[in-house]
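Trainee: Here's a structure for you.
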Amino acid sequence: MPLRTSKKNNDDRQYRVEEMRDSVEILAPLELVWDLLRPVEYASLLVPGVIHGFRVPSTPEGVGEIQCVLGVHAGKEIFSACEITEEVPLRKLASRSWGQTGPQERYELRLEPTEKGTFLERICTHHHRRFSLVSAGACRDQHRAVHQREFQRIQELLDGGWLPEPSA
């Protein structure tokens with residue numbers, strides 16, 4: 001169920017901080033869902049346009065870990081980086097984006113076991129320029145569509161028998 005909120009960013013009146021929440025029940029065990037979502041190396045399986053995801057080797061695993069993604073979006077090459085700010089294994093993963101409009105730019109995954117599988121919630125908090133050609137509503141709709149595609153892809157992979165690669 002999507003939930004959208006926004007609040008003023010007092011640091012810069014040109015932006016509003018937008019929060020989007022989407023959730024789904026995935027029909028698979030929590031551990032398997034976590035194993036698919038936690039390593040950035042599997043991002044190319046989940047997100048269209050992502051070519052490669054990797055953890056920066058000199059960073060710690062868990063809190064403080066820097067993850068990077070290379071990809072193509074709208075015909076342009078992209079490089080994105082985020083830092084893990086909070087991790088509760090099998091339950092929660094929060095990160096902040098690097099190189100965006102501010103430190104309130106956050107992404108969060110929350111997982112809970114259910115009778116049938118796993119409740120998965122994705123929360124995105126980001127800045128939206130007040131005077132943008134793209135309305136805040138359209139931006140929220142785009143995020144929701146991305147989340148729904150990702151949820152669908154997760155279920156497809158797990159229904160197809162996906163298993164994590166064995167550790168070397």
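Trainee: Take GLU25 and ASP159, extend 7 Å from each Cα along the Cα→Cβ direction, and tell me the distance between the two endpoints in nm.
Mentor: Simple spin-label model gives 1.6 nm for this pair.
Trainee: Working out 0.36 nm times the residue gap between ALA81 and ALA138, then minus their Cα-Cα distance, what length gain in nm do you get to one decimal?
Mentor: Numbers: separation 57, 0.36 × 57 = 20.52 nm, distance 2.42 nm.
So the extension gain works out to 18.1 nm.
Trainee: Right, here's the next one. Quick one: compute the contact order of the range 12-94, relative version, from alpha carbon pairs under 8 angstrom and 6+ residues apart, as a percent. Before the final figure, lay out the partial values.
Mentor: Details: 103 pairs, mean separation 15.9, N = 83.
Relative CO of the range 12-94 lands at 19 percent.
Trainee: Can you work out ³J(HN,Hα) from phi for every residue in the range 56-61, in order, using Karplus 6.51 cos²θ - 1.76 cosθ + 1.60 and θ = phi - 60°, giving whole Hz and x for Gly and Pro?
Mentor: 5, x, 7, 9, x, 7
None of the figures in this text is laboratory data; all of them are computed from the coordinates on show. None of the values given here were measured: they were computed from a predicted structure. Backbone-built Cβ (ideal geometry, glycine too); neighbour counts: all protein chains shown.
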